[in-house]
1. I'd like the full set of residues that are within 13 Å of chain B (Cβ to nearest Cβ), within 17 Å of the chain's Cα centre (by Cα) and either under 24 Å from A:Ala114 (Cβ atoms) or without any contact (Cβ under 8 Å) to a residue 24 or more places away in the chain (or both), limited to the range A:272-304.
2. Kindly indicate whether any position in the range A:38-53 is aliphatic (A, V, I, L, M), at pLDDT 95 or above, under 18 Å from A:Arg323 (Cα atoms) and in the same structural domain as A:Lys96 (by TED's automatic domain parsing).
3. In this structure, does B:Met71 turn out to be crowded, with 22+ Cβ neighbours inside 10 Å and in contact (Cβ under 8 Å) with a residue 24 or more places away in the chain?
4. Any residue at all in the range B:143-155 that is within 21 Å of B:His303 (Cβ to Cβ), in contact (Cβ under 8 Å) with a residue 12 or more places away in the chain and out of contact with any helix residue (DSSP H, G or I) (no Cβ under 8 Å at 6 or more places or on another chain)?
5. On the given criteria, is B:Asn184 under 30 Å from A:Asn108 (Cα atoms), within 7 Å of chain A (Cβ to nearest Cβ) and buried (at least 19 other Cβ atoms within 10 Å of the Cβ)?
6. Only one of A:Arg177, A:Arg128 is surrounded by fewer than 22 Cβ atoms within 10 Å (Cβ to Cβ), in a loop (DSSP other than H, G, I, E, B) and in contact with an Asp or Glu (Cβ under 8 Å, 6 or more places away or on another chain); which?
7. Residue by residue through the range A:131-159, note down the ones that are assigned to a loop (DSSP other than H, G, I, E, B) and either of a type in the set (S, T, N, Q) or under 18 Å from A:Gly290 (Cα atoms) (or both).
8. Which of (1) more than 12 Å from chain A (Cβ to nearest Cβ); (2) surrounded by fewer than 24 Cβ atoms within 10 Å (Cβ to Cβ) is the odd one out, the single condition B:Thr137 does not satisfy?
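The values are calculated or read from the model by the stated rules, or taken from the named source; none is laboratory data. Source: prediction; values computed, not measured. Cβ: placed from backbone, ideal geometry, glycine included. Neighbour counts: every protein chain shown.
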Number of protein chains: 2
Amino acid sequence: MSGSVIIALDAMGGDFGPEVIIPGAALALERHPDLRFRLYGDEARVAPLLGAHPKVAAASELVHTDVAVKMDDKPSQALRRGRWRSSMWLTLDAVKNGEADVAVSAGNTGALMAMARFNLRTLADIDRPAIAAIWPTLRGESIVLDVGATIGADSQQLIDFAVMGEAMARALFGIERPSVGLLNIGVEEVKGLDAVREAHQMLLGMKLPMDYKGFVEGTDLGKGTVDVVVTEGFSGNIALKTAEGTARQISEYLKAAMRRTLAARIGYLLARGAFAALKDKMDPRKANGGVFLGLNGIVIKSHGGTDAEGFASAVVLGYEMARNGLLEKIVADLGQYHSERRSSAGSQANSVAS
Amino acid sequence: MSGSVIIALDAMGGDFGPEVIIPGAALALERHPDLRFRLYGDEARVAPLLGAHPKVAAASELVHTDVAVKMDDKPSQALRRGRWRSSMWLTLDAVKNGEADVAVSAGNTGALMAMARFNLRTLADIDRPAIAAIWPTLRGESIVLDVGATIGADSQQLIDFAVMGEAMARALFGIERPSVGLLNIGVEEVKGLDAVREAHQMLLGMKLPMDYKGFVEGTDLGKGTVDVVVTEGFSGNIALKTAEGTARQISEYLKAAMRRTLAARIGYLLARGAFAALKDKMDPRKANGGVFLGLNGIVIKSHGGTDAEGFASAVVLGYEMARNGLLEKIVADLGQYHSERRSSAGSQANSVAS
């Protein structure tokens, strides 16, 4: 891809709508001046904000719609009320029609996933899309998927996740053969679920641009043992939320400890640069943006409650994914894997027949 | 229960064996002088340590065996080599024969679970035991089960976990009606697994000493939203390990931040009391001890790599469980639940027949 990266933005998504989306777009544009936006939303609310952000206005095309999906709409409601005409739908439509490279929305996850599946459709060999999260680790960042779209994935789906995650790691981190691990538990002799064991066996024999490392455990997530951690959506979502909760818990402990004595308060003041660096490391806004993988187009889901800084992270993530050809990498690797799988199944069938 | 609490200790279990077990028993005995021990292990290694800890020696009976389960024995190997005669088996045997109230081992989890099931057998209505962990939270502590014994529990097993967890919360925290939540994810419209949804419906109608609060998410673990969090073992183990990993990750960040500048290092020195308090809060040794629930006897699994302080926590946990009648509470509540279930199934069958 040369020239600009065009991002479609659901200007009405999230808890705050355009009041966060437009300033967020402005921050992203500062970092990547070759960004261009297609904005979908209520002109009466969006236009004044564009007036306050003339650089965004100059880089954007605004398409008016007065239908917006609500944060508490069920996916079925959202589809009924918002298909064809809501800001969320039109944002996805821009990707479908080739008017934008990526869609970004802070709207509600269930509705966005339902609309994305309905509008963009899944890739040829994919049954259900996954949501990939970027996980801050001691080594930097890893990709974890699925974090909540597919509950109880079978072995074939886990392998598709591995392939899509590997492609995303190549696009995002610029690594040629990302390391990949399968999330499992190590307590019992017969470890893990059948699907996880099967996927493990299949991954060991695969010829794809990944370095498959076998099983990893929950502790490996924070360590960053592998670039890509593969799991089904139920445990993936629980892991993600547990890590968020634990981080919040420890920062509460830390705050309380630093208020305990006068010496602690003075120490805190002296070390406040260090605490700021720590806060920055733990800033959930930095890793904002779940990537929907497995669709005919790249869709980024921003946290609904984030601020402009967090929304900018999601936009920048979308920019990087488009710039580095994420979708093309996924299509190529999935195509290679599934054609090999089919031809080996075919030759097995032949050898049985002969 | 009046008089002493007698705890059977697998003196050879764990990465360090008696060198940690005996000093750990000594620390526990300081806290609860009415503790008595039955020690199982190699006299040549245990006796000298008892010489160094005369109070433990006075409170103990040592039974010699030179067979010990290894930390990397598979459950099947452990059973083959260690049945009838290993220190782990004899420790469990003491509970079975009524010579001890609780068994504590730092030996390998798979072997201990296999031997415990084989020797103690599961309670009448229980198919597979669960492992309950004590989870430090912002409100204090919660009980989380299962953390790795039963992969993919069905709705009936989830309810058994809820009942056993509620009984353990009553025994450990002294709460009359502990709050109970079912771990789930909130991303998709059709939330969670079938088993989780079914268990939810069944729990809503139950008459037991618990305050069922419905679904909780991963973030609720650290908050301590409920006293008891129920989940199947795969996600429970992943949640536990993810929280451990995140805590370690943040403490690494914190250490690095506090070394960054001279001001930060001075600040650290001034606030070192506060940091010590924080470290204490996050000390994994304090919450050491997974409780095996659903067996005809209480078995505590200590971390294999813990030190004397950590092992003492596991012993004290066993003491409290015995002192507060955990097993009796579990038997009573499970009995009540299953007899109601059976009679309501019977009356439904009758009403269909009539």
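1. A:Asp283, A:Gly290, A:Phe292, A:Lys301, A:His303, A:Gly304
2. Our first condition is that a residue be aliphatic (A, V, I, L, M); within the range A:38-53, this holds for A:39, A:44, A:46-47, A:49-50, A:52.
If we keep only those that are at pLDDT 95 or above too, we end up with A:39, A:44, A:46-47, A:49-50, A:52.
Now narrow it down to the ones that are under 18 Å from A:Arg323 (Cα atoms): none.
Scanning the range A:38-53, I find no residue that is aliphatic (A, V, I, L, M), at pLDDT 95 or above, under 18 Å from A:Arg323 (Cα atoms) and in the same structural domain as A:Lys96 (by TED's automatic domain parsing), so the answer is no.
3. Details: crowded, with 22+ Cβ neighbours inside 10 Å: no; in contact (Cβ under 8 Å) with a residue 24 or more places away in the chain: yes.
When the stated conditions are applied, B:Met71 does not pass them.
4. no
5. Numbers: under 30 Å from A:Asn108 (Cα atoms): yes; within 7 Å of chain A (Cβ to nearest Cβ): no; buried (at least 19 other Cβ atoms within 10 Å of the Cβ): yes.
Here the answer is no, as B:Asn184 does not meet what is asked.
6. On the way: A:Arg128 fails: in contact with an Asp or Glu (Cβ under 8 Å, 6 or more places away or on another chain).
Unique residue meeting the criteria: A:Arg177.
7. Initial filter on the range A:131-159 (assigned to a loop (DSSP other than H, G, I, E, B)): A:138-139, A:146-154.
Of everything in the range A:131-159, those that are assigned to a loop (DSSP other than H, G, I, E, B) and either of a type in the set (S, T, N, Q) or under 18 Å from A:Gly290 (Cα atoms) (or both) turn out to be A:Asp146, A:Val147, A:Gly148, A:Ala149, A:Thr150, A:Ile151.
8. Checking B:Thr137 against (1) more than 12 Å from chain A (Cβ to nearest Cβ); (2) surrounded by fewer than 24 Cβ atoms within 10 Å (Cβ to Cβ), the one that fails is (1).
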